[in-house]
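Scroll down for the structure; my scribbles are underneath it.
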Amino acid sequence: MSNPILIDPLKFAREGRVLTGKLPVSTLDERVHSDLSDTSGTVEYTLEGFRDGSSRLSLRLQVKASVAVSCQRCLEVMPYEVNTDSVVTLFTRQEKLDEACELDETLDAILAPEELDVVAMIEDEIIMGLPLSPKHDECGSEALTRAKADKPNPFAVLATLKISKS
């Protein structure tokens, strides 16, 4: 488990605080590491508390991370840049949260806990920012090229049957 950075989210947003920093990917939780090919790289983050256009307390989290993932075509390691910018609106009562979400389906809102772990939020953003199936635009693996070249087309037999009947 990573070392948490705990804040009081309501106080943080009310006071308009800003928290910035860098974390090595290797210090993040295993749930992040399981989606990566290795734990090299760094994460830069900025957490900003503010009031939104409706005067609701909110948090904006910007995350930039350089991570390594495995290409699903060639299985080689490939660098990937995670770049997210999300806003979470804080509520103190479930009724208000439900009402706001009903009025705006795109609203990302939570009931504000007494303590919020910023590192866990960063980890969530990285996980959501990763592609489901990362792939190089062009895979340069020689083994992949040979595998494609050595395999006969399974439909070639059907083409010869079609020609012989004509």
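Just give me the residues in the stretch 20-53 being open to solvent by 20 Å² or more (accessible area, probe 1.4 Å), more than 17 Å from Asn83 (Cα to Cα) and either touching a residue at least 40 places away in the same chain (Cβ under 8 Å) or part of a strand (DSSP E or B) (or both), in sequence order.
Within the stretch 20-53, Asp29, Arg31, Ser37, Asp38, Phe50, Arg51 qualify.
Could you list, in sequence order, the residues of the stretch 94-127 that are assigned to a helix (DSSP H, G or I), free of Cβ contacts under 8 Å to residues at least 24 places away in the same chain and open to solvent by 30 Å² or more (accessible area, probe 1.4 Å)?
Once the filter is applied, which keeps residues that are assigned to a helix (DSSP H, G or I), free of Cβ contacts under 8 Å to residues at least 24 places away in the same chain and open to solvent by 30 Å² or more (accessible area, probe 1.4 Å), the stretch 94-127 yields Gln94, Glu95, Lys96, Asp98, Glu99, Cys101, Glu102, Leu103, Asp124.
Is it fair to say Leu61 is touching a Ser or Thr at 6+ places or on another chain (Cβ under 9 Å) and surrounded by 19 or more Cβ atoms within 10 Å (Cβ to Cβ)? It would help to see each step written out before you state the result.
Details: touching a Ser or Thr at 6+ places or on another chain (Cβ under 9 Å): yes; surrounded by 19 or more Cβ atoms within 10 Å (Cβ to Cβ): yes.
Considered against the rule, which asks whether it is touching a Ser or Thr at 6+ places or on another chain (Cβ under 9 Å) and surrounded by 19 or more Cβ atoms within 10 Å (Cβ to Cβ), Leu61 comes out as yes.
Considering only residues that are open to solvent by less than 60 Å² (accessible area, probe 1.4 Å) and part of a strand (DSSP E or B), which ones fall in the stretch 9-19?
Leu19 - this is the single residue of the stretch 9-19 that is open to solvent by less than 60 Å² (accessible area, probe 1.4 Å) and part of a strand (DSSP E or B).
Can we say Asp52 is acidic (Asp, Glu) and in contact with a helix residue (DSSP H, G or I) (Cβ under 9 Å, 6 or more places away or on another chain)? Lay out the reasoning, then the answer.
On the way: acidic (Asp, Glu): yes; in contact with a helix residue (DSSP H, G or I) (Cβ under 9 Å, 6 or more places away or on another chain): no.
So Asp52 does not fit the description; no.
Among the residues of the stretch 128-138 satisfying the criterion of being of a type in the set (A, V, I, L, M) and in contact (Cβ under 8 Å) with a residue 40 or more places away in the chain, which is least open to solvent (accessible area, probe 1.4 Å)?
Leu130
All but one of (1) open to solvent by less than 20 Å² (accessible area, probe 1.4 Å); (2) under 15 Å from Met121 (Cα atoms) hold for Val67; which doesn't?
Tallying (1) open to solvent by less than 20 Å² (accessible area, probe 1.4 Å); (2) under 15 Å from Met121 (Cα atoms), Val67 fails exactly one: (2).
Of the conditions (1) within 19 Å of the chain's Cα centre (by Cα); (2) not in a strand (DSSP E or B); (3) not small (Gly, Ala, Ser), Asp85 fails just one. Which one is it?
For Asp85, the exception is condition (2).
What do you reckon, is Arg14 without any contact (Cβ under 8 Å) to a residue 60 or more places away in the chain and touching a Ser or Thr at 6+ places or on another chain (Cβ under 9 Å)? Lay out the reasoning, then the answer.
Details: without any contact (Cβ under 8 Å) to a residue 60 or more places away in the chain: yes; touching a Ser or Thr at 6+ places or on another chain (Cβ under 9 Å): no.
No: the conditions fail for Arg14.
Go through the stretch 69-81 and count every residue that is over 13 Å from Pro131 (Cβ atoms) and not acidic (Asp, Glu).
3
The values are calculated or read from the model by the stated rules, or taken from the named source; none is laboratory data. What you are looking at is a predicted structure, and each value in this text was computed from that prediction instead of being measured. Please note: Cβ atoms are built from the backbone with ideal geometry, for glycine as well, and neighbour counts cover all protein chains shown. Only protein heavy atoms, including side chains, enter the accessible area calculation; ligands, DNA and RNA are left aside. Shrake-Rupley method; radii C 1.70, N 1.55, O 1.52, S 1.80 Å.
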